[in-house]
Amino acid sequence: MLRELHISGLGVIDDLDLSLHPGLNVLTGETGAGKTMITVGLALALGARSSSSLVRDGASAVRVQALFDVAEIEREARGTLDGWVEDDDVLLARTVPSEGKGSARIGGQLATVSALTSLGSALVEVHGQGQAQRLLEPSVQTAFLDRYAGDEHLVALAAYRETYESLRVTSSELDRLREAARDRERELDLLAYQVREIEAVMPERGESERLALEEARLGHAERLMELGGSAEAALTGDERGAADVLGLAAQALDEAGGLDPEAAGLAVRGSALAVEVAELARDVRAYRESLAVDPEGLQNVRERIAALRSLQRRYGESDAEVLAFMHEASRRLSELAGADERLAQLEESVEALTTQAGARASVVTAGRVDAANRLADAIGAELDELGMPGANVEVVLEALPRPGPSGAERVELRFAGGPDLPPAPLAKTASGGELSRTMLACRSVLADLDAVPTVVFDEVDAGIGGRAGLAVGRRLARLARDRQVLVVTHLPQIACFADRHVRVTKQRGIASVEVLDGAARVRELSRMLAGLDESESAVSHAEELLHEAEKVKATA
């Protein structure tokens, strides 16, 4: 529940602290005293939209702090509160400066306004003039019926929404593939041509470098044979070639080594050199014999080089890059070639999901049909109790042209102010007072369906009088038996049911609050009844109201 509320710099509020209790808390006071500003401040702490125009003249900012006691909320029901609870307390704070950007805090830590909204919705439900208008929205009316239909229905609705979302995503992918079919065919043709062109040549890594060397050898074959012959002749010629000369030199040095030990080293070197030259002569002969003039082979090499270079101009600067391009093109080709299979799979999935969505939508529709009359009867009973005998609400299901995220129909609440009046959409028939009481009736019907610990009503007494006010007060008192209720009212018939009565006054343009009890409370009710707090008849009437309220609460 809301335990403490601090507001400063907001409209007529300079600096205000308000303590609230469990049960029914009532705020009363003259028009313009600042009652609604208190609910505005609370709404800011709950993440409501802000404006610098709310800042009081002379103040630098609006500052609001709301302290909630969550000790009685079961741990498994705390949900979004996890991580923000400290000693069973949750503190929400908001600052709205006259200039610049505001800030939000939870438990003293900086937070986003959306985080305030998320936590606030779990702690407080506000019904004011703007919030009551939400009941006129078809989506809100649909959600209202779904909540009333119960947990089993909500499970069926969640299953439908899951299927609907899967169908939406799958259908979108199917549409995208169909739209891309023409572009896919063009890309398929291009990729297939590119792969075939590369595969026709099928380069190997490093092949261009090897062929360049081969072209050079074949292109100079005659000259290489001539040079090889000259080298061989120099080494092994008939007229004392180098090999023969070195052989004789080695032999002479060997004989010298036998006569002079100092020549032995020269003999060794001479023998090694003679052996090396002999081996060189054999290798030169083998190289020369391997050479051959091959014009056809040269032409083949040059044609292969031209083919490789043609690929490199289009697909990469080297054989490796061309091969990499071919592999990627082949991968993409396989991917696109499988698109038809994917298209068929998606078509099957869409068909299956459409059938499943239709079946699940039918379950949701059946749940709504089953709950519609029960909800209408429950709201009618509440309206009768709230001083609107003969008024009734019909819950109408209107089929949609095609199923949407919430099902195959929209829900519309139709209101009739009396038994002889035809039901019409709530927005077109309900007056301000009727709408406020209808909202209270709806809230009462849902009282056992959620765990929001604090409910705020502002303007719930709009357009109603004494007898209806007593009916509303009784219903608020009953609602406050198992949750905290905060009501802003001008009616003493509602205020008399308060468990905690707070009067808001304004002096010299500054609002202040005072908790009333005993005689002070009687005087405030007298003022609300007659505009005078000293009128004997008003005092007597006020005391009678308080006595009646105590009897009602004692027997409730």
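Under the condition of being over 30 Å from Tyr160 (Cβ atoms) and buried (at least 17 other Cβ atoms within 10 Å of the Cβ), which residue from the range 407-428 is farthest from the chain's Cα centre (by Cα)?
Result: Gly417.
A quick yes/no check of all residues on (1) closer than 30 Å to Met439 by Cα; (2) modelled with pLDDT of 90 or more; (3) among the β-branched types (Val, Ile, Thr); (4) touching a Gly at 6+ places or on another chain (Cβ under 9 Å):
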| site | (1), (2), (3), (4) |
| --- | --- |
| Ala45 | yes, yes, no, yes |
| Val64 | yes, yes, yes, yes |
| Arg94 | yes, yes, no, yes |
| Gly100 | no, no, no, no |
| Ser121 | yes, no, no, yes |
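Take Glu347 and decide whether it is without any contact (Cβ under 8 Å) to a residue 40 or more places away in the chain and open to solvent by 70 Å² or more (accessible area, probe 1.4 Å).
The answer is no for Glu347.
Does any residue of the range 2-9 turn out to be of a type in the set (S, T, N, Q), over 17 Å from Val96 (Cβ atoms) and within 38 Å of the chain's Cα centre (by Cα)?
The answer is no; no qualifying residue exists.
Of all residues in the range 26-60, which are over 28 Å from the mean Cα position of the chain (by Cα) and on the phi > 0 side of the Ramachandran plot?
Gly29, Gly32, Gly34, Gly58, listed by residue number.
Only one residue in Val195, Val169, Val245 is part of a helix (DSSP H, G or I), open to solvent by 60 Å² or more (accessible area, probe 1.4 Å) and at pLDDT 80 or above, so which one is that?
Val169
If a residue counts only when it is crowded, with 18+ Cβ neighbours inside 10 Å, polar (S, T, N, Q) and under 46 Å from the mean Cα position of the chain (by Cα), which helices (runs of 4 or more DSSP H) contained entirely in the range 484-556 have at least 1 such residues?
No helices (runs of 4 or more DSSP H) qualify here.
Could you check the range 11-109 for strands (runs of 3 or more DSSP E) lying wholly inside it with 1 or more residues that are of a type outside the set (Lys, Arg), open to solvent by less than 20 Å² (accessible area, probe 1.4 Å) and more than 22 Å from Val515 (Cβ to Cβ)?
Of the strands (runs of 3 or more DSSP E) lying wholly inside the range 11-109, those with at least 1 residues that are of a type outside the set (Lys, Arg), open to solvent by less than 20 Å² (accessible area, probe 1.4 Å) and more than 22 Å from Val515 (Cβ to Cβ) span 61-69, 89-97, 103-106.
Can you confirm whether the range 446-463 contains a residue that is at pLDDT 75 or above, part of a helix (DSSP H, G or I), surrounded by fewer than 19 Cβ atoms within 10 Å (Cβ to Cβ) and not acidic (Asp, Glu)?
For the range 446-463, residues at pLDDT 75 or above, part of a helix (DSSP H, G or I), surrounded by fewer than 19 Cβ atoms within 10 Å (Cβ to Cβ) and not acidic (Asp, Glu): absent.
Would you check if there is a residue in the range 175-189 being over 14 Å from Met326 (Cβ atoms) and not in a helix (DSSP H, G or I)?
Within the range 175-189 (the criterion being over 14 Å from Met326 (Cβ atoms) and not in a helix (DSSP H, G or I)), the answer is yes, since at least one residue qualifies.
Across the range 364-401, what is the number of residues that are in contact (Cβ under 8 Å) with a residue 12 or more places away in the chain, assigned to a helix (DSSP H, G or I) and under 20 Å from Gly417 (Cα atoms)?
Residues that pass the stated criteria total 11.
The values are calculated or read from the model by the stated rules, or taken from the named source; none is laboratory data. Every value quoted in this text rests on a predicted model; they were computed, and no experiment measured them. Note that we place each Cβ from the backbone using ideal geometry, even for glycine, and neighbour counts take in every protein chain shown. These accessible areas exclude ligands, DNA and RNA; they are computed on the full protein's heavy atoms, side chains included. Shrake-Rupley method; radii C 1.70, N 1.55, O 1.52, S 1.80 Å.
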